[in-house]
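Peer 1: Below is one structure. I have some questions about it.
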Amino acid sequence: MNEWLEELVPPIRGDGDWDDVLRRARLPARRRLVFAVALCVAALAVAPALGVLLTRDGGPRLPREADRSNVVVIVQPATGRVVVQAARWKGHDGICYLVLLTRAGCAPRSARKTVVLTPPLAGYTFDRRVVSGAAVSLAGKHVPLVVRRFEKLDVTFFLTRGRMPRFLREATLFDANGKVVAHFTFKH
Amino acid sequence: MLEELETLYRSRLPEFRRVATAIAGDRELGCDAVQEAFARAVRKRRSFRGRGTLEAWVWQIVVNAARDARRGRLVFAEPHDAAANGHAPVLPLDLLTERQREIVFLHYYADLDYAAIAAALAISRGTVGATLNAARRTLRQAIEEVPT
């Protein structure tokens, strides 16, 4: 039986080809790369549609009544995030706004009107005197407010700095001479 | 791990090729199956848990690759052709089951002991012994019956 087995499959000499083994071993890695690239392409193709869906069903957006041909924005420098969007209210004397992606609406113009939205502190005023603002935190710390006036819309927006919302005790808006234009206290 | 695989490849290549050729039924397919099996081993080397020996783990991959090669073959070898020319002895391999053939090949061509064969085929050591004995009996009877 041993003789027969010897002759059935004679010994196979040769050194083999280890490089060939390594080449074959790499093939699936290439396939994985091709698959990953295809996945990325597919993701890019689907992303816009997904974005539309998420935006539509997600948080507030700049109202449809806004004149989108001329939108102004405030961008947070640290993150590049748009924290305020505003535009004229079509067919009205007023503005439409989206603040911190959480509050949106349209408001008629009123000479001295100031609106504060909390938390976090943000708002707008039609009072042209306002040029700066400050707030006091619950811990008693004074924090300056970001104040931006948009001449085109004749409105001034204000909000707290930084990424984290702060719990505030009070906020004050000032004119160019440092005089108090408006003062707000918050209850927690 | 990669170095150990290369060392195993270089030191045991004739045995791997011989067993793979016997299982695949074709020398070229058998040698190719060994290359492919080692490529698989290289790719999956991190999945080797060290529960058995590295060689047993590789044998398992080689046997599977040789089986795949045999199943993918378009033309099956005729075992009695060579005998008809008088150049090879006749043994009725067809009388053996697939498992019996594999155990015979691993035992005679690779000189593996029962434990190593059991690990390579993922069966118990007792099954290896019983199957090998049954295969031997069948082959001896067949040899005695074949006219020379």
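Nothing in this text is a laboratory measurement; each read-out follows from the coordinates by a stated rule. This structure is a prediction, so every number in the text was calculated from the model and none was measured. All Cβ positions, even for glycine, are placed from backbone atoms using ideal geometry, and neighbour counts span all protein chains on display.
Peer 1: Across peptide A:12-24, what mean number of C-beta atoms from other chains lies inside 10 Å of a residue's C-beta?
Peer 2: Details: counts 13, 3, 4, 3, 11, 4, 8, 0, 5, 12, 5, 2, 9.
Across the residues of A:12-24, the mean count of other-chain Cβ atoms within 10 Å is 6.
Peer 1: Still on this structure, please answer the following. Output the relative contact order of the range A:86-164, whole-number percent, from Cα pairs under 8 angstrom with separation of 6+ residues. Walk me through the intermediate numbers first.
Peer 2: Details: 134 pairs, mean separation 17.0, N = 79.
Over the range A:86-164, the number comes to 21 percent.
Peer 1: In bins 5 Å wide, starting from 0, what share of all Cα pairs of the range A:114-163 does each bin hold, as a percent?
Peer 2: P(r) over the range A:114-163, rounded to whole percents: 5, 21, 30, 24, 12, 5, 2, 0.
Peer 1: Could I ask something else about it? Calculate the mean, over all residues of peptide B:122-134, of how many other protein chain Cβ atoms lie within 10 angstrom of the residue's Cβ.
Peer 2: Working: counts 0, 0, 0, 0, 0, 0, 0, 0, 0, 0, 0, 0, 0.
Whole-number average of other-chain Cβ neighbours for B:122-134 is 0.
Peer 1: How many percent of the alpha carbon pairs in the range B:1-62 exceed a separation of 16 Å?
Peer 2: 37 percent
Peer 1: Please report the relative contact order for the range B:1-41, taking Cα pairs under 8 Å with a sequence separation of at least 6, and give it as a percent rounded to a whole number.
Peer 2: Numbers: 22 pairs, mean separation 13.7, N = 41.
That works out to 33 percent.
Peer 1: Can you sort A:W18, B:W59 from fewest to most other Cβ atoms within 10 Å of each residue's own Cβ?
Peer 2: Values: A:W18 16, B:W59 26.
In order of increasing Cβ crowding within 10 Å: A:W18, B:W59.
Peer 1: Counting Lys +1, Arg +1, Asp -1, Glu -1, what net charge surrounds B:D113 among other residues with beta carbon under 14 Å of its beta carbon?
Peer 2: On the way: positive: B:R125; negative: B:E15, B:E55, B:D111.
Summing Lys/Arg as +1 and Asp/Glu as -1 gives -2.
Peer 1: If the limit is 32 Å between Cα atoms, which of A:K152/A:K179; A:K90/A:K187; A:K113/A:K141; A:K90/A:K179 go over it? Could you put the intermediate results ahead of the total?
Peer 2: Numbers: A:K152/A:K179 25 Å; A:K90/A:K187 35 Å; A:K113/A:K141 27 Å; A:K90/A:K179 34 Å.
Pairs exceeding the cut-off: A:K90/A:K187; A:K90/A:K179.
Peer 1: Give the value in nm², to one decimal: projected area of the alpha carbon convex hull of the range A:68-188, averaged over all directions.
Peer 2: Projected over every direction and averaged, the Cα hull of the range A:68-188 covers 7.6 nm².
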